[in-house]
Structure formats: C-alpha cells, structure tokens
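Beneath this line is the structure, given in structure tokens, with notes to follow.
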Amino acid sequence: MDAFVIEGGRRLEGRLRVNGAKNAALPLMAAALLTDQPLTLRDIPPLADIRNMVALLGELGCSHEAPEDGVLRLQARDESKSHARYDIVRTMRAGICVLGPLLARRGEARVSLPGGCAIGDRPIDLHLRGLVALGATVFLKGGDIIAKAPRRRLKGGRVFLGGAFGSTVLGTANVMSAAALADGQTIIESAACEPEVVDLATMLNAMGANIRGAGSPRIIVEGVRDLRGIDHTVIPDRIEAGTLMCAAAITNGSLLLENCPLDALMAVSDRLEAAGVQMKALDRNGNPSSDPIPAGVDPMRVTVRVASERVLRPVEITTQPHPGFPTDLQAQLMALLTLAEGNSVITEKIFPERFLHVAELSRMGARLFRQGPTVIISGVRRLVGAPVMASDLRASASLVLAGLAAEGTTIVNRVYHLDRGYHKMEDRLASVGASVKRVDDKELAPQLVAAE
Ligand code: EPU
C-alpha cells in the first residue's frame with residue numbers, strides 16, 4: 001500500500017489551481033442516466049471515486065469516453081439494466097446517487113444498500129422517504145433496495161428531507177433528479193443548500209428540466225417528459241480549496257489559489273480570518289482587492305492569496321449544513337488549530353463520530369480532549385513527526401497537513417483514502433515547496449507501517 005513520507009517544516013509558497021469538485025461530479029455523472037443523449041462533463045477530477053462511478057454507470061448501460069484530460073462523455077445507450085451491485089456501491093457510497101435517476105427514467109431500480117463507513121452509520125432513510133413521496137414503492141431484498149414507479153413514471157409530490165442531522169446532500173440530489181422527470185410538481189422542503197446541489201440543478205435545467213430554488217431549503221421542480229444531453233463544467237472543489245488554505249496557513253506560507261470557489265467558502269474564510277490567516281482576493285486585473293469577492297469576478301472562480309506569518313489565534317467551530325462550516329473541513333481545521341495559541345473548540349454536528357484523526361494527531365504531539373461530538377484543542381508550540389494512519393479521506397488530509405508543519409518525518413499510511421478525494425496531492429504540495437514523497441510501504445521499516 002502507498003504511504004506518504006513528509007519532511008515537515010517547509011514553508012509553502014506558489015500558485016495552485018483548484019480542481020473540479022468530486023462531490024459535485026458524482027451526482028452530475030449519475031444524471032447521465034436521465035437521458036439517452038450524450039452528456040459532456042468538464043473539469044472532472046481523475047480520482048478513484050470517479051473511476052468507480054464510471055464503472056458503475058458502465059454496468060448500467062452507459063458508454064464513456066475521455067476525449068481529453070478532465071473531460072468525460074457519458075451516454076446511456078442501453079437502458080435495460082437497473083442493478084447497481086454491492087461490490088461497486090460498497091467501495092463508493094455515492095453510488096447511491098444512481099437510485100433517483102434510474103427510477104425516474106427506467107421506472108425501476110435495484111441498488112445495493114451502501115452500509116456504514118468510517119465516519120458513521122450513513123443511513124439513507126431520507127432518500128427513500130423522498131422517493132416514496134414521488135409514488136415509488138420501495139422494499140429491501142438481499143441487501144438491495146428495490147424501487148419501482150407505478151406504470152414506470154413517478155408522480156410529483158411534497159417531500160420533507162430534514163433529519164436529525166439536518167438535510168441530506170445526496171438525498172436531495174436523488175429526489176431532485178427523480179422529480180425532474182416525474183409527472184407534475186414536486187416541492188422539496190428542507191432541501192440541502194450545498195453548492196453541489198446548485199450545480200446539479202443548473203445542469204439539469206440546461207438539460208431541459210424546470211427546477212427553481214436550488215441553494216435554498218425549498219426546491220420546486222416541475223416535471224418534464226424528457227431531458228437532453230449537454231456540455232457542463234463542474235464547479236471547483238470547495239473542500240480541496242479549504243484544505244489548501246490550511247496548508248498555506250499551517251506552514252506559515254503564502255499560496256495563490258486560482259479557480260477558488262470563495263462564494264461557497266464564506267464560513268471557512270470567516271473562521272480562518274478569525275484565526276489570523278490573511279485572505280486577499282485578486283480583482284480582474286490581478287491586483288489585491290479590498291472586497292472579499294471583487295466586482296466582475298465569478299465568485300465561484302476567484303484567485304485568492306492565502307497567507308499566514310505568525311502564531312494563530314484559537315477559534316470555535318461548529319460544523320453545520322451549508323452555508324455553515326462544512327464537516328468535510330473539520331479535520332483539516334483541527335490540524336491547523338493544534339498550533340494556535342490557546343484553546344479552540346470544534347463541535348461536529350453532521351457526523352458526530354467523525355474524529356478518526358484525533359488519536360493520530362495526538363501521536364504527533366497535539367493536545368486534544370474529546371467529549372462526545374466536541375473536541376477541545378489546546379494549542380501546542382510544535383508538532384513532532386510520527387508514523388500515523390487514518391481510515392477516512394478528510395482525516396488523512398488532516399494528517400498530511402500536520403505532517404507539513406511537524407518537526408521531522410511523518411509517515412502517513414494508507415493514502416488510498418486521501419487519493420479518493422485529492423488528485424496527486426504529493427505532487428501538488430511538492431510543486432509549492434513541500435517535501436512529500438509517495439512510497440510503497442514495503443520500502444519502509446516495519447515499525448513505520450500501520451498494522452492491520
Ligand atoms: N442522514 C440521515 N438519513 C439519510 C441521509 C443522511 O440521517 O437518509 C444523515 C447522515 O447520517 C448525516 C447527515 O444526515 O448525519 C448528512 O448526510 P448527507 O446525506 O448530507 O451526506 P451524503 O450526501 O451522503 C455528502 C458528501 C460527504 C459530506 C456530506 C455532508 C458526497 C459524495 N459526499 O454525503 O462528503 O460529508 O455530504 O456534507 O457528496 C467527503 O467528501 O469526505 C464526504 C464524506
């Protein structure tokens with residue numbers, strides 16, 4: 001298995017472009033099932049989850065081509081198969097987002113229940129509740145969800161998608177995609193407001209759907225008979241951008257981030273600035289602007305300089321559904337705050353068990369005290385490199401950040417988790433001055449390799 005070897009203590013400086021968003025791309029790709037015409041997606045990041053989704057769509061009758069880097073052309077040529085099997089959905093929970101499109105277009109779907117993952121139970125009751133409100137019958141058989149639409153067509157309805165932890169992002173994507181082809185009007189109340197939902201609605205509308213209100217808690221969909229193929233560019237990845245902001249800050253560095261979706265990162269900028277990180281967007285002429293987002297610049301594709309040159313202040317963070325602070329950046333901010341001067345508090349309200357990084361950061365000298373969904377971070381002056389292991393994507397990113405700042409050598413084991421969400425992170429960080437090398441863990445001394 002691959003591992004990263006990081007020599008910490010180097011200041012990062014340079015320019016990086018933020019890639020297209022994995023979490024936007026996955027439901028957009030599933031939407032290829034809503035039409036038999038070709039869908040061209042641009043700025044698709046070359047990640048393992050994307051490859052898994054291509055394989056899943058292939059099993060569901062979609063052909064794919066990659067005519068150039070970052071471009072993916074999908075076409076549902078054979079609409080006879082509607083079974084998303086366990087061995088693919090198990091490796092990628094986002095496989096669940098084929099459920100709504102399959103059901104809406106083919107009148108039936110059989111999708112394996114994804115099961116839990118390292119960050120929590122990950123139920124899908126809200127997805128199912130939404131599809132039942134559109135007239136589907138849903139039952140479980142052999143670990144699969146079997147959903148059928150009466151007379152092969154869903155019917156618009158009123159759906160409440162709020163749950164104990166807020167709304168559901170992929171559930172909203174599923175119900176909205178299904179409602180796009182349903183008969184009549186659907187109102188989704190307590191819809192997820194995440195930018196990835198907005199990107200999906202934007203693309204579906206360009207395909208001929210009639211969706212209003214995406215980005216707000218109430219989405220209204222007037223169903224249409226057919227959707228057409230189009231060409232769509234995926235929004236930039238707000239979580240990758242936030243991770244790179246933390247990389248600049250934790251190394252007391254200065255990074256110029258291009259294609260940065262600042263408009264989707266207000267809660268993150270707010271917390272970083274409160275901690276003392278400097279953020280300066282560039283105007284259309286490339287000059288630093290006094291506006292958080294300069295006039296005339298696409299707010300989802302800003303060029304911003306993120307820099308820090310001193311010890312950070314402690315802050316309080318509570319993760320919340322968008323536009324609140326994203327759970328997908330909680331672990332990275334925790335790494336940063338281990339080096340702030342004083343006590344920070346992080347409360348996780350979306351996935352209350354998402355703290356796999358806590359024990360590993362502690363091995364690097366961080367002082368962390370967890371009580372239920374809250375962690376107190378008592379800032380230390382330095383982190384010390386160590387062999388560490390994480391078992392989920394964002395926790396791995398947090399350990400890489402800690403390794404960049406730590407004294408000495410950090411070995412981050414099992415970086416396949418990181419590879420699910422960050423393309424060639426080691427090359428990107430090395431291009432701005434970090435010392436990060438990917439190695440096969442067979443090359444490492446046994447005591448540095450994570451045990452099973
Ligand atoms: N929930 C339910 N019932 C449901 C669905 C969700 O109770 O039917 C709960 C979840 O257990 C959780 C909360 O609602 O407590 C939010 O879950 P959500 O459904 O919004 O998560 P998701 O759509 O499965 C996406 C991202 C995650 C991200 C979450 C929250 C993708 C592919 N995944 O998951 O991204 O953490 O939204 O923003 O879009 C990641 O990229 O590392 C990642 C895990």
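For this structure, a couple of remarks:
- When region 119-130 is limited to residues that are among the aliphatic types (A, V, I, L, M) and over 20 Å from MET53 (Cβ atoms), the one that is farthest from the ligand (Cβ to nearest atom) turns out to be LEU128.
- Any hit, region 396-412, residues being farther than 28 Å from GLU309 by Cα and surrounded by fewer than 16 Cβ atoms within 10 Å (Cβ to Cβ): no
- Scanning region 288-304 for residues that are at pLDDT below 95 and polar (S, T, N, Q) returns a single hit, SER290.
- Test: GLY286 is more than 21 Å from GLY215 (Cβ to Cβ) and touching a residue at least 60 places away in the same chain (Cβ under 8 Å): no
- Within region 416-433, considering residues that are touching a strand residue (DSSP E or B) at 6+ places or on another chain (Cβ under 7 Å) and at pLDDT 95 or above, the one surrounded by the most Cβ atoms within 10 Å (Cβ to Cβ): LEU429
- Pairs, first in contact (Cβ under 8 Å) with a residue 60 or more places away in the chain and closer than 20 Å to PHE355 by Cβ in region 100-122, second of a type in the set (Asp, Glu) and within 16 Å of the ligand (Cβ to nearest atom), C-beta under 9 Å, six or more apart: CYS117/ASP392; ALA118/GLU353; ALA118/ASP392; ILE119/GLU353; ILE119/ASP392; GLY120/GLU353
- Residue within region 7-19 that is under 22 Å from ASN205 (Cβ atoms) and either out of contact with any Phe, Trp or Tyr (no Cβ under 6 Å at 6 or more places or on another chain) or within 16 Å of the ligand (Cβ to nearest atom) (or both) present: no
- Answer residue from region 178-205, given it is charged (D, E, K, R) and more than 10 Å from the ligand (Cβ to nearest atom) and is surrounded by the fewest Cβ atoms within 10 Å (Cβ to Cβ) among those: GLU189
- Taken together, the residues in region 77-101 that are within 14 Å of the ligand (Cβ to nearest atom) and closer than 21 Å to THR172 by Cα amount to 10.
- Residue selected from region 297-310 under the condition touching a residue at least 60 places away in the same chain (Cβ under 8 Å) and closer than 19 Å to GLY276 by Cα, by the criterion nearest to the ligand (Cβ to nearest atom): VAL306
- One residue stands out among those in region 155-172 that are of a type in the set (A, V, I, L, M, F, W, C) and not in a helix (DSSP H, G or I): the one that is nearest to the ligand (Cβ to nearest atom), which is PHE165.
- Top-ranked residue in region 357-386 [being in contact (Cβ under 8 Å) with a residue 60 or more places away in the chain and surrounded by 21 or more Cβ atoms within 10 Å (Cβ to Cβ); ranked as nearest to the ligand (Cβ to nearest atom)]: ILE377
- Of the criteria (1) under 16 Å from MET425 (Cα atoms); (2) under 17 Å from the mean Cα position of the chain (by Cα); (3) not aromatic (Phe, Trp, Tyr), which one GLU7 fails: (2)
- Condition met for VAL175 (more than 10 Å from the ligand (Cβ to nearest atom), outside any strand (DSSP E or B) and of a type outside the set (D, E, K, R)): yes
- Of all the listed residues (PRO288, PRO292), the sole one being closer than 27 Å to VAL169 by Cβ, more than 16 Å from the chain's Cα centre (by Cα) and away from the ligand (no atom under 16 Å from the Cβ) is PRO292.
- Residue in region 52-73 that is among the aliphatic types (A, V, I, L, M), free of Cβ contacts under 8 Å to residues at least 24 places away in the same chain and part of a loop (DSSP other than H, G, I, E, B) present: yes
- Checked against (1) more than 11 Å from the ligand (Cβ to nearest atom); (2) assigned to a loop (DSSP other than H, G, I, E, B); (3) modelled with pLDDT of 95 or more, ALA104 passes all but a single condition, namely (2).
- Checking each residue in region 110-137 for being part of a strand (DSSP E or B) and out of contact with any Ser or Thr (no Cβ under 7 Å at 6 or more places or on another chain) picks out VAL111, SER112, CYS117, GLY120, THR137.
- Residues (acidic (Asp, Glu) and out of contact with any strand residue (DSSP E or B) (no Cβ under 7 Å at 6 or more places or on another chain)) located in region 260-290: ASP263, ASP270, ASP283
- Qualifying position, being of a type in the set (Val, Ile, Thr) and touching a helix residue (DSSP H, G or I) at 6+ places or on another chain (Cβ under 6 Å), among VAL132, VAL169, VAL159: VAL159
- Pair list, Cβ < 7 Å and 6+ apart or interchain, from region 170-191 residues that are at positive phi to residues that are away from the ligand (no atom under 16 Å from the Cβ) and assigned to a strand (DSSP E or B): GLY184/LYS155
- Of all residues in region 319-348 being among the polar types (S, T, N, Q) and closer than 20 Å to ALA118 by Cα, the one that is nearest to the ligand (Cβ to nearest atom): THR327
The values are calculated or read from the model by the stated rules, or taken from the named source; none is laboratory data. This one's a predicted model, so the numbers in the text were calculated from it and none came from an experiment. All Cβ positions, glycine included, derive from the backbone under ideal geometry; neighbour counts span all protein chains shown.
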